[in-house]
Amino acid sequence: MSWAHGARIRWVVSAAALLLLSSLAFVWYRQAMPSRLPYHDSFASGRMGEWQAFGGAWAVYNGAIRNNSDERGAKFITGSARWSDYTVDADVLLLGQDGDAGLIVRSTDEEEGVDSYSGYYVGLRDRNNTLTIGRADHGWIEYEALSPHRPLQSLYWYHLRIVAVGCDIAAVASDSLTGDRTYASVNEPHCARTGRVGLRSYSSGGVWKNIHVAKASASDLAPLRGLGPPTMTPSFLQSEAGFNSILMNQESTRASMADTLNRVGRSPLYTLGSLKTMSPAGVPSVTVRGSVTLTYPRVFLQDATGGVAVDFAQTPPLKIGDEMEATGAVEPHRFSAVIRAASGRLLWQRSPAPPLSVTASQAATGLYDAMFVETEGELESWNRNPDGTAVLLLRSGHQDFRAILGGRGENANTRQIALHSLVRVRGVCVVDQTYTSNLTPFAVLLRSGDDLLMVSGPPWWDLHNLIMIAISLPMVGLVAVFIYSRAEHWRLHAVLEERSRMAREIHDTLAQSFAGIAFQLESVVARSGPRDHTFASVAVALQMAERSRGEAHLSIAALRALHIDVPLGEILQKVIRQQIGGAGLALSVTSEGSDRRLPVEIEANVLRIVQESVANVVQHAQAARVDVHLAYAADRLQVIVQDDGRGFDPATVPGADQGHFGITGLYERATRIGASLALSSGKDGTHVSLEVPLPPLRNVAWRYLLSKIQRWLNMIPAIRR
């Protein structure tokens, strides 16, 4: 019994563990392998959710992905860390000067920062007019830097193709106008053999499109290897500090030149903070200088005194972080200003300025209008306009504000933020009603999806979670009830199987042995006579053997009856009718209350007590009728056995010390199950009353649900047939 029950419980646990492991494996598979080869970008449809940003300001524009930041070492990664041999094709455009942009292959262990990854990089560097190829391992080892036939130009498309097979990394850059090709390759004995693909720019923005990744073999590498042998050793080791010092010297030189030009005759510069106090009629045109903090949907400049929106007559190619000079008509507002019909020129490139950390209440005052800020709030709602722009409503304390994200700047991180999460946003603070719609005091214009960061998820007592819990609880309850009912069914089945086995064992051993003993004793009695001094002893032995055989058959009948999954009343009806056989007794078995299965120990002892009581009626009472009545209550069961026989005096019945165990056995069995037994007998017959305490019942709804489920389960085999 215990083995079968344990086996089924282990089966349930194993099935649940297998289901859990399958779910975890599926989640891991979806996260570890967001796409399969071949892969083609979905920028043309405005999606970039499968990409992960490490720095930069990435957004989709006109079917291409664009990094509007001059940040050093900004990366955009996709694919699987298990990709090994593959080709990567992409069109690349440089947005700035003195920087580079290109592709990463076999990338792992990515972090924000310069060369903070492990993999290979092929890029177009216009600072020294080269196609460069090298290995990054949280440092930079440059293998080769080759100059193309025609000098590299910004705002010009080039096609890059990289083939990575084994430890050979080969690349070719093609000029989209002339078709000229520049080739470079690397062979490392201890190479990185697997990794993701990515886009990277350094100290310059860039644009990428038509990105395609496919499996590769030696046949794909052969055409490129024909252009020249691979480089086996690096040309130099360049540190992050070395790159930064070169760029800082270049920027300092440009700044000095610009300041010199300004002193020898250019129009005076106005600070951005002073523009809001000007009269529109006072100064027809102003010249300002600032760092670009936003390029879409509007250009914003910022200096140490404030910020300003600039509407260019013809917008120059700008990136976030560019230092530029703008000239145009000023339109002062209450908290900032707008420069209309502006013209501008790029002065130099630098890294984006860090945001000002402010509270929502501070931003609502308007003092930070047109400035690059960072603030936090709880996400209340998320809507999308017809043009694809995402509008987020946030609340900090009692202050509401909006965050606006261009429809093509969304990434995988933004879709994972749940309502009522605590969110940190970075962007340009504006109080213009064009963006606030007069619904909130200010709005924050985000540069990309990476400017939206979830600080913490929603609290568990959030209304949405409570609704989900309320919906899930009945389902979990039904699953629990189903598992419980199946476990109970399996347990009962194991008990019934054990009873059947015991009945077979008793029949094949004890009953057969008693039958053999009785047969031998009958032979002895037949050969001896009443005068034989052994006759009396043998007759007693024969009587005991016959009685033991009868007891064995009663036990077999009881176990066989209990093997059937039916209520106790039906079991008694079947067993007693078989027991009285041809005795000519009229039998009545009735019950009141909820007739149900009882614990195994109780059922077995009640059945034996009733069997013994009926056996006494058959043997001694000379009765014509026997009635058995069951009365079920919530906490107890009453069993009454009544006959109409001649009765007897219980005080005169021999006890166990005299070899008679019938009535003594009744009381012992009643004591074993904690029941009370009352026996009375007289001229009107014998009355046996048994009061059995029952275990506490579960509540009515639970019992009803269990019975319904059990009924459905029992109907399944019939339906299948």
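The values are calculated or read from the model by the stated rules, or taken from the named source; none is laboratory data. These numbers were taken from a predicted model, which means no experiment stands behind them. Here Cβ is always computed from backbone atoms with ideal geometry, including for glycine, and neighbour counts include all displayed protein chains.
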**Message:** Based on this model, can you work out whether Ala586 counts as modelled with pLDDT under 85 and of a type outside the set (Lys, Arg)?
**Reply:** no
**Prompt:** Taking the condition assigned to a loop (DSSP other than H, G, I, E, B) and in contact with a helix residue (DSSP H, G or I) (Cβ under 9 Å, 6 or more places away or on another chain), does Pro386 pass?
**Reply:** no
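State yes or no: is Gly662 modelled with pLDDT of 80 or more, surrounded by 14 or more Cβ atoms within 10 Å (Cβ to Cβ) and over 60 Å from the mean Cα position of the chain (by Cα)?
No: the conditions fail for Gly662.
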**Request:** Count, please, the residues in segment 115-139 that happen to be under 42 Å from the mean Cα position of the chain (by Cα) and buried (at least 21 other Cβ atoms within 10 Å of the Cβ).
**Result:** 12
**Message:** Go through (1) on the phi < 0 side of the Ramachandran plot; (2) in a strand (DSSP E or B) for Pro151 and report which single condition fails.
**Reply:** (2)
**Item:** Selection count, segment 591-637, where residues are part of a loop (DSSP other than H, G, I, E, B) and not hydrophobic (A, V, I, L, M, F, W, C)
**Value:** 8
**Item:** Identity of the residue in segment 326-338, surrounded by 20 or more Cβ atoms within 10 Å (Cβ to Cβ) and under 23 Å from Arg350 (Cβ atoms), that ends up nearest to the chain's Cα centre (by Cα)
**Value:** Ser336
**Prompt:** Within the bounds of segment 600-614, is there any residue that is surrounded by 20 or more Cβ atoms within 10 Å (Cβ to Cβ), aliphatic (A, V, I, L, M) and not assigned by TED's automatic domain parsing to the domain that holds Asp684?
**Reply:** no
**Request:** Kindly indicate whether Pro316 is in contact with a Leu (Cβ under 7 Å, 6 or more places away or on another chain), of a type outside the set (Gly, Ala, Ser), modelled with pLDDT under 90 and in a loop (DSSP other than H, G, I, E, B).
**Result:** yes
**Request:** May I ask you to list the residues in segment 293-313 that are under 17 Å from Leu347 (Cβ atoms) and in a strand (DSSP E or B)?
**Result:** Thr293, Val299, Phe300, Leu301, Gln302, Asp303, Val308, Val310, Phe312
**Matching residues in segment 319-360 - criterion: being under 20 Å from Asp126 (Cα atoms) and small (Gly, Ala, Ser)** = Gly321, Ser351
**Request:** Considering every residue within segment 369-376, establish whether at least one is among the β-branched types (Val, Ile, Thr) and part of a strand (DSSP E or B).
**Result:** yes
**Fill in**
Arg82 passes all but one of the listed conditions (1) crowded, with 23+ Cβ neighbours inside 10 Å; (2) within 30 Å of the chain's Cα centre (by Cα); the exception is number (1)
**Prompt:** Looking at Tyr143, is it aromatic (Phe, Trp, Tyr) and either farther than 20 Å from Ala216 by Cβ or modelled with pLDDT of 90 or more (or both)?
**Reply:** no
**Message:** Consider segment 198-207. How many of its residues are in contact with a helix residue (DSSP H, G or I) (Cβ under 8 Å, 6 or more places away or on another chain) and either surrounded by fewer than 18 Cβ atoms within 10 Å (Cβ to Cβ) or assigned to a strand (DSSP E or B) (or both)?
**Reply:** 1
**Item:** Unique residue being in the same structural domain as Gln362 (by TED's automatic domain parsing) and not β-branched (Val, Ile, Thr) when the list is Leu473, Leu463, Leu445
**Value:** Leu445
**Asked** Based on what the data block shows, is Phe372 surrounded by 22 or more Cβ atoms within 10 Å (Cβ to Cβ) and of a type outside the set (Gly, Ala, Ser)?
**Response** yes
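Have a look at Gly195, Gly228 and point out the one that is farther than 21 Å from Ser154 by Cβ, assigned by TED's automatic domain parsing to the domain that holds Glu144, at pLDDT 50 or above and loosely packed, with under 15 Cβ neighbours inside 10 Å.
Residue meeting the stated conditions: Gly228.
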**Message:** Out of the residues in segment 140-191 meeting the condition of being of a type in the set (Ser, Thr, Tyr) and surrounded by fewer than 16 Cβ atoms within 10 Å (Cβ to Cβ), tell me which one is nearest to Gly226 (Cα to Cα).
**Reply:** Ser147
**Request:** Take segment 356-369 and flag every residue that is within 39 Å of the chain's Cα centre (by Cα) and crowded, with 19+ Cβ neighbours inside 10 Å.
**Result:** Ala360, Ala363, Ala364
**Request:** Go through the residues of segment 451-459 one by one and say whether even a single one is assigned to a helix (DSSP H, G or I), under 30 Å from Asp70 (Cα atoms) and either modelled with pLDDT under 70 or in contact with a Gly (Cβ under 8 Å, 6 or more places away or on another chain) (or both).
**Result:** yes
**Complete:** Residue set Ile133, Ile104, Ile141, Ile169; condition more than 17 Å from Tyr202 (Cβ to Cβ) and of a type in the set (A, V, I, L, M); output residue Ile169
**Request:** Quick one: count up the residues across segment 29-79 that are of a type in the set (Asp, Glu), closer than 17 Å to Val207 by Cβ and either modelled with pLDDT under 90 or surrounded by fewer than 22 Cβ atoms within 10 Å (Cβ to Cβ) (or both).
**Result:** 2
